[in-house]
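Quick notes on the structure that follows.
The values are calculated or read from the model by the stated rules, or taken from the named source; none is laboratory data. Computed from a predicted structure; not experimentally measured. Neighbour counts run over all protein chains shown; Cβ positions are idealised from the backbone, glycine included. Note: areas computed on protein heavy atoms with side chains; ligands, DNA, RNA excluded. Shrake-Rupley method; radii C 1.70, N 1.55, O 1.52, S 1.80 Å.
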Amino acid sequence: MRPTPHRALHRLAAAALALPLALGGLAAGAAPAAASPGSGPTAVVTMGDSYISGEAGRWQGNSLTNTGSRNGTDRAWTGTTYDPARVYGATAANGCHRSDSAEVRSAGAIAATLVNLACSGATTQNVFRSSQGGQAYKGEAPQADQLAAVAAANDVRMIVLSVGGNDLGFSDIIRACATDYIVWYSYCHDDQQAEVDAKIDGAMANVAKSVDEIRAVMSGAGYAASDYRIVLQSYPSPIPRAAENRYTESGWSRVNTGGCPFWNLDSDWARDSLVPQVSDRLKAVAAAKGTQFMDLRDLLQGREVCAKASKQVSATVPASITTSEWARWIDSNGTQGPVQESVHPNYYGQLALGRCLALIQARPTGNHSCRNTAGAGTSGIYLSALS
């Protein structure tokens, strides 16, 4: 039996309505002197949206406590107030949210220079060069134009791209599904699948163009195709299958406690249809454009918001990479921080992404799936070869 309205849900509905997908970019330590391929400090560059910028890296799990350090989950807590710049640096102000735990920052010593050009909420048009229709975003030049300066000052060895989700309207999908659960008591998967199907060809064409734009920039900077590689990555599912959700479908626990307001059928659709559909299409783009592909669809398996295999943080359950959720819940109307952080890999999820990056950096050829091992931290992250 489906639940009836409850005023406590309005804050969650507001969050869902405002949720952007950020799937990051401030250059970290780029050298000012011009370099040529094979000289200068080696560099790895990440580009695209919130899932690679480091969005939600502020949070070590999720806690219902709204004060103080939120049971140790809030890394922005100073002891007296909250300072998001402790995590996002200068990009806390413009909302690009490049966290200190972002994928490239968590990968270890994979290059002398680690550069994060990604920005939360970015679309493919924010990657293109301005001369090719690219658009500035959140006060920053198109990412390909920023890449040109990085390529001139460093010896770029690898560029990792996460983009396309915002072109498909992931934030709109989350909003629609949450609103259908909270307000309309109806399913979202049927009409949202139609929306995705209508957009996906155009979105994938623009992802392919993003790769072309990166190659054009690198060629213009004097790089041969063999001097560097591009890795295109997909998206992990932040919510579990219905059978793996620790909260019942009826009642308000998924909303007021769990922060995962989705019907069972919608959860299964998102986890086993939408995410695989997007991953498979991105893999096809990678094949067509000659890039490596890293499939992240299963990275958060068992660590998603509301997953039975994970726990919320509380006064008696400490934050832990082995037991806590690795994704940020839908945080009402910003009770514990910006709504845009919702439904993204959190601090632990970012550490896992960083380990994936380190592993694929050591494998210069082939496509791979990155997954976690139940009950383990980043030491349990591993790659599996894809056909």
Open item on the list: Skipping prolines and chain starts, which residues have an amide H placed within reach, meaning under 5 Å, of the one on MET158, given they are 5 or more residues away or on another chain?
Closed with: ALA43, VAL45, ARG229
Open item on the list: Taking θ = phi - 60°, what integer Hz values does the Karplus form 6.51 cos²θ - 1.76 cosθ + 1.60 yield along segment 87-103, in sequence order, with x for Gly and Pro?
Closed with: 9, 9, x, 5, 7, 5, 6, 8, x, 5, 6, 7, 7, 5, 10, 3, 2
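For segment 312-387, which whole-number percentage of the solvent-accessible area (1.4 Å probe, protein heavy atoms only) is attributable to carbon and sulfur atoms?
Details: 1420 of 2710 Å².
Carbon and sulfur: 52 percent of the exposed surface of segment 312-387.
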Open item on the list: List the residues, sorted by chain then number, that are 5 or more residues from TRP77 or on another chain and whose placed amide H is less than 5 Å from its amide H.
Closed with: ASP83
- [ ] Might you tell me the accessible area per residue for the chain, computed with a 1.4 Å probe and given in Å²?
- [x] 35
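Please report, as a whole percent, how much of the solvent-accessible surface of segment 159-246 comes from carbon and sulfur atoms (probe radius 1.4 Å). Please report the intermediate quantities before stating the final value.
Values: 1540 of 2970 Å².
Roughly 52 percent of what the probe reaches on segment 159-246 is carbon or sulfur.
How would segment 45-162 be classified by its alpha-carbon gyration tensor: rounded, prolate or oblate, with rounded meaning a/c under 1.5 and the a/b versus b/c comparison settling the rest?
Numbers: a/c = 2.62, a/b = 1.82, b/c = 1.44.
Prolate shape, in that a/c is at least 1.5 and a/b is the bigger ratio.
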Open item on the list: Please compute the modelled spin-label separation between ASN66 and ALA376, points set 7 Å along Cα→Cβ, answer in nm with one decimal.
Closed with: 4.0
TODO: Percent of Cα-Cα pairs per 10 Å bin, from 0 to the last occupied bin, for segment 107-218, please list those.
DONE: 13, 36, 27, 16, 7, 1
Task: Residue-wise HN-Hα coupling along segment 335-351, computed from phi with Karplus coefficients 6.51, -1.76, 1.60 (Hz; x: Gly, Pro) - done: 4, 10, x, x, 4, 5, 6, 4, 6, 10, x, 8, 3, 5, x, 5, 4
Task: Karplus-derived 3J(HN,Hα), 6.51/-1.76/1.60, for each residue of segment 190-198, Hz, glycine and proline x - done: 5, 6, 6, 4, 5, 5, 5, 4, 6
Task: Cα→Cβ-extended label distance, 7 Å offset, between ALA216 and ILE200, nm - done: 2.7
- [ ] Pop out the Kirkwood hydrodynamic radius of the chain from its pairwise C-alpha distances, inverse of mean 1/r, in Å to one decimal.
- [x] 20.6
TODO: Evaluate the Kirkwood expression for the hydrodynamic radius of segment 256-377, namely the inverse of the mean inverse distance over all pairs of different C-alpha atoms, and round to one decimal in Å.
DONE: 15.9
- [ ] Show the residues, 5+ positions off or on another chain, whose built amide H is closer than 5 Å to the amide H of ALA327.
- [x] VAL305, ASN346
Task: Helix-derived mean residue ellipticity, 222 nm - over the chain, DSSP H n ≥ 4, -39500 (n - 2.57), to 500 - done: -8500 deg cm²/dmol
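Past 25 Å, Cα to Cα: identify those pairs from LYS138/LYS289; LYS138/LYS311; LYS138/LYS209; LYS199/LYS311, in the order given.
In this structure, LYS138/LYS289; LYS138/LYS311; LYS199/LYS311 exceed 25 Å between Cα atoms.
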